[in-house]
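Q: Okay, here's the structure, questions in a sec.
What follows draws every value from the coordinates through simple rules; no lab data is involved. All values reported here derive from a predicted model rather than from experimental measurement. Because the Cβ atoms are built from the backbone with ideal geometry, glycine has one as well, and the counts that use them run over all protein chains shown.
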2 protein chains.
Amino acid sequence: MSPSRDPDVRRRLLDAAERLFYERGVQAVGVDAVVADAGVATKTLYAHFGSKNALVEAYLRRRDQRWLGWLRGAVATAEPGPGRVLAVFDALGGWFAEPGFNGCAFVNVAGELAHSPTARAVARDHKGALRALLHEVAAGAGVADQAVLADRLMLLVEGAIVTAHVEGDAQAAMRGRSAAAALLDGMNTAVGE
Amino acid sequence: MSPSRDPDVRRRLLDAAERLFYERGVQAVGVDAVVADAGVATKTLYAHFGSKNALVEAYLRRRDQRWLGWLRGAVATAEPGPGRVLAVFDALGGWFAEPGFNGCAFVNVAGELAHSPTARAVARDHKGALRALLHEVAAGAGVADQAVLADRLMLLVEGAIVTAHVEGDAQAAMRGRSAAAALLDGMNTAVGE
DNA sequence: ACCGTAGGAGAACGGTCGTTTTCCGTCAAG
DNA sequence: CTTGACGGAAAACGACCGTTCTCCTACGGT
């Protein structure tokens, strides 16, 4: 068994980086651990990414795409309408219950690499994209002020993620869902056709 | 000028540790930087704390006490009643606008030191104490289900802190205040005397 | 058949880290 | 005056880090 061409090696490196960086933290994981987990040589990592910082950024960019795609898909399975608001928290509940759940990767790196402009930028971009997705969900909920609902959902989603992480309580998703339903009830007094 | 007795040296070390660990992250700051900032010798740090891990834990314990005391005091300045719920978010708004604001120290270490049992325990304890404080606030708000309100406030507070941190948006406090007011409006249909 | 390239294994590098140690100064109690 | 505890300055330590380098193997295109 020979080839292990370019894209395969790169994917193995990103897989190992994601697993280790997300589980243990970026600074706690050395490049030796990544290359060992990926089964490649140190030289190969630097041929593909040039530096550990670039590998970290690539890991974050790919996770950003994957995570938002996953949430978007979970929301799309629900019928259009206010139910998609609740579907967000149902999806979060499944995520929190996964064995390797360790909070939001972008919040973690923002706290860990407080002085890394690229890490801060990637985290900010990710949260902006999440906010945009929640705005879409809020726009379909039939409330008067979509922007206000999106802002409030953002706070509930972030609060649920950090609570599930720090307190180790996966039920935070259901409490967020309940709070979102209460907010929906209080806001749908308008545009009822 | 001579003395610099025991408690003064210890306080200087904790002050330096808090400033540096909170601003740059625990792993990014070496003990050399702490002792240089505190103006003490390396030996003195180890005479007082024994290890960097113990210094980190002492820093977190003191910050836990101080931060909760600060929030408790801010809440106490408001009239008893539902206004104390809003006072929580007013206090957060002031905190977010401070120059050195860098998110919740306990969320940061929970993400950074994912595999340190003591860091996880201190963070969990801190969030439990915050939850207890919010329960007190909710108990005075005159709603039917205090526990549910406290849970929802917890999500909004955590969400506001992480949003203000990652997105650099201090207005998250006002959006949290608005969401809390909406939740109060929807919940105070009972126990109106 | 040949050469260029990709990759693996591992050593080596300079730097930094947490921790310990040595040496010296200084104050307080006996 | 002496002793001992405390603290500062700095060196030393072993370990680990990110990065680069050398040597070797194996494949693909021409």
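Q: Go through B:LEU153, B:LEU113 for me and flag whichever is closer than 27 Å to A:VAL29 by Cβ, within 10 Å of another protein chain (Cβ to nearest Cβ) and over 13 Å from the mean Cα position of the chain (by Cα).
A: Answer to the selection: B:LEU113.
Q: Next up: Could you count how many residues in region B:116-150 are without any contact (Cβ under 8 Å) to a residue 60 or more places away in the chain, in contact with a helix residue (DSSP H, G or I) (Cβ under 6 Å, 6 or more places away or on another chain) and at the interface with chain A (Cβ under 7 Å from one of its Cβ atoms)?
A: Within region B:116-150, residues that are without any contact (Cβ under 8 Å) to a residue 60 or more places away in the chain, in contact with a helix residue (DSSP H, G or I) (Cβ under 6 Å, 6 or more places away or on another chain) and at the interface with chain A (Cβ under 7 Å from one of its Cβ atoms) number 1.
Q: If a residue must be within 14 Å of chain B (Cβ to nearest Cβ), within 11 Å of DNA strand D (Cβ to nearest atom) and part of a helix (DSSP H, G or I), how many such residues does region A:1-51 contain?
A: 4
Q: I'd like to verify a number: residues in region B:83-127 that are surrounded by 20 or more Cβ atoms within 10 Å (Cβ to Cβ) and assigned to a loop (DSSP other than H, G, I, E, B), how many?
A: 3
Q: When only residues in region B:156-186 that are more than 7 Å from every other protein chain (Cβ to nearest Cβ) and over 19 Å from A:ARG131 (Cβ atoms) count, which is surrounded by the fewest Cβ atoms within 10 Å (Cβ to Cβ)?
A: So the residue we want is B:ALA181.
Q: Return the residues of region A:52-68 that are more than 13 Å from DNA strand D (Cβ to nearest atom) and among the acidic types (Asp, Glu); say none if nothing qualifies.
A: Across region A:52-68, the qualifying residue is only A:ASP64.
Q: Quick one: in region A:18-40, of everything that is of a type outside the set (D, E, K, R) and under 18 Å from A:ARG61 (Cα atoms), which residue is nearest to DNA strand C (Cβ to nearest atom)?
A: A:GLN27
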